[in-house]
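Laboratory data are not the source of any read-out in this text; all were calculated from the coordinates shown. Given the structure is predicted, the values throughout are model-derived calculations rather than measurements. Glycine gets a Cβ as well: all are built from the backbone with ideal geometry, and neighbour counts include every protein chain shown.
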Amino acid sequence: MGLIRALAAELGPYGIRANMVMPGFMDTERRYPEWYLEFHDSPRGSSEHVKGIPLEARRKVGYVPEALPWYTHMRVSEFLTFMGRLRGLSPETTAMAIEAVSARVHLQDVFTAPIHTLSRGYRQRVAIAQALVHTPDILILDEPTNGLDPRQIIETRNLIRALAGTCTIIMSSHILSEVERTAERVAILLRGQLLGVRALADTPDLEALFLSLT
Amino acid sequence: MSALGVLLCKELHATFTSPIAYAVGTVFLLITGYTFSLTLFLSKVANLTYIFHQMYVLLVLLVPGLTMRAFAEERRADTLELLLTAPVREVWIVLAKFLAALTLVVGLLVMSGTYAVVLALYGEPDWAPIYGGYLALGLLACLLIAIGMFTSSLTENQVVAASTALGLSLMLWFADAAAYLLPAPFDLVVVNLSLIGHFTTFVSGSLFLSDAGYYITLSLYALFLTTRVLTER
């Protein structure tokens with residue numbers, strides 16, 4: 001059973017030390033053997049582009065950090081172009097990909113705006129757009145609804161669910177209600193250790209599961 | 001374009017849209033221009049030895065200001081995580097930042113080349129010390145930038161990065177002073193660590209591989225340490 005085209009979330013107390021967890025997923029099979037093997041065995045995530053070739057693995061991953069990154073000297077279009085080119089896309093492919101991804105996350109209105117002038121909601125979209133520009137197999141979102149107002153939270157949740165059909169999404173969160181509304185599967189971690197993976201459909205009471213495992 | 005090319009374009013864009021580059025450039029050219037005019041009119045001797053020593057001091061003082069942002073700013077703006085999770089090797093990230101800073105400093109040195117042109121137009125300068133001086137300044141810039149990159153990779157505080165780089169550079173500058181206190185063969189070691197000791201031979205027109213090797217080796221070592229810091233994150 002692969003994680004591809006599924007929607008997963010990971011949980012843990014105190015915000016699960018996501019900084020350690022997120023980069024760890026990409027290059028450390030030792031730390032998350034179960035998840036690694038699922039990706040390893042999945043139809044699209046063949047072992048060749050993960051095992052032993054971290055750079056190739058990174059090429060398949062889009063990452064949205066919790067703290068929204070932005071270069072003060074860049075406009076939205078420049079930032080997305082830079083991220084696309086950095087991931088090895090040609091100029092033509094980058095231009096087409098940026099157009100598609102901007103439409104998908106509704107960035108057209110601010111396409112030429114300097115990133116530092118954007119609201120947090122728009123910056124969140126820019127962060128998601130940069131992670132999607134190279135059409136990754138896996139999209140990793142670190143606390144994607146942190147600091148957003150209720151409308152932005154709903155929009156972000158809808159956006160994540162809409163993206164779920166195109167790639168695997170791994171989202172870290174310590175807000176149980178948000179996980180229940182967004183994810184299809186949940187993995188619970190404590191201090192970097194994977195305590196359990198469940199389908200939310202088989203988990204009537206996520207809080208009870210969380211407390212029992214931690 | 002390779003990942004290094006993409007990163008270099010981004011770094012050059014960041015460097016030349018930053019007011020720091022223009023502030024440093026203006027200070028550098030104003031002070032050296034003033035001193036050049038003054039010494040030329042007073043001494044009426046067609047050489048740049050004095051200017052080269054002044055440029056040496058200015059680079060030691062100003063380069064930490066140029067390099068302090070390199071990684072500290074990326075950490076502060078949370079963009080370093082993006083770079084480190086992108087499919088590029090850490091060494092390309094370090095090299096791109098190094099080359100962008102070096103481009104700016106070399107640009108300043110090229111602009112200061114007008115002093116040599118003035119000497120050539122109105123006198124007959126000895127070119128060996130001038131070539132040697134510019135070569136020494138280029139190598140010195142490499143080392144100072146590499147040291148600045150390293151200290152910037154250690155912290156997200158730009159002031160800490162700049163002051164640490166300045167401290168390291170000054171310690172290298174005055175390293176030979178400790179030779180009087182040390183027994184052999186340690187005195188020779190610290191004498192050979194001296195930044196100024198390897199600089200003055202170039203400016204006098206003598207080119208030794210050992211002097212060039214000093215700057216190149218220490219620069220590569222500092223860049224290697226910077227890459228290790230990023231890799232270990």
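So here's what we get for this one:
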item	result
Ellipticity estimate at 222 nm from DSSP helix runs (n ≥ 4, -39,500 (n - 2.57)) divided over the protein assembly as shown, nearest 500	-20000 deg cm²/dmol
Three-way shape label, the protein assembly as shown, alpha-carbon gyration tensor, a/c 1.5	prolate
Size of charge dipole - the protein assembly as shown - debye, nearest 20, with Cβ of Lys, Arg +1 and Asp, Glu -1, no other charges	380
Rounded FRET efficiency, nearest 0.05, which uses the C-beta distance separating B:Val27 from B:Asn192 and R0 of 30 Å	0.45
Ranked A:Ile154, A:Ile175, criterion: other C-beta atoms within 10 Å, fewest first	A:Ile154, A:Ile175
B:Thr217-B:Thr103 FRET efficiency (beta carbon distance; Förster radius 22 Å; 0.05 resolution)	0.50
Crossing angle, helix B:19-43 versus chain B [Cα axis fit, 0-90 degrees, rounded to tens]	10
Cα-centred dipole magnitude for region A:109-214, charges only on beta-carbon of K, R (+1) and D, E (-1), debye, nearest 20	200
Which of A:Lys60, B:Lys97 has the fewest Cβ neighbours within 10 Å, and the rest in rising order	A:Lys60, B:Lys97
Loop-located trypsin sites (Lys or Arg not before Pro) in region B:1-84 whose Cβ has at most 13 other Cβ within 10 Å (DSSP)	B:Lys44
Rough spin-label spacing in nm, given labels placed 7 Å along Cα→Cβ, for B:Ala184 and A:Phe111	7.5
Listed residue (B:Leu135, B:Thr67, B:Leu40) projecting farthest to the positive dipole end of chain B, Cβ model	B:Thr67
Loop-located trypsin sites (Lys or Arg not before Pro) in region A:129-214 whose Cβ has at most 15 other Cβ within 10 Å (DSSP)	A:Arg191
Degrees separating the helix B:209-231 axis from the principal Cα axis of chain B, which is the longest one	20
Cα pair distances in region B:97-188, grouped into 5 Å bins until the bin that holds the longest one, percent each	3, 11, 15, 16, 15, 14, 12, 9, 5, 1, 0
Exposure proxy ranking, count of Cβ atoms within 10 Å, fewest first, for B:Tyr34, A:Tyr63, A:Tyr71	B:Tyr34, A:Tyr71, A:Tyr63
FRET efficiency estimate (nearest 0.05) - Cβ-Cβ, B:Leu4 to B:Leu42, R0 56 angstrom	0.75
In Å, descending, principal axis extents of the Cα set of chain B	57, 48, 31
Where labels lie 7 Å past Cα in the beta-carbon direction, separation of A:Asp205 and B:Met171 in nm	6.0
Cα-based helix-to-principal-axis angle, B:90-122 vs chain B, degrees rounded to 10	20
Positive minus negative residues near A:Pro204 (Lys, Arg vs Asp, Glu; Cβ under 13 Å)	-3
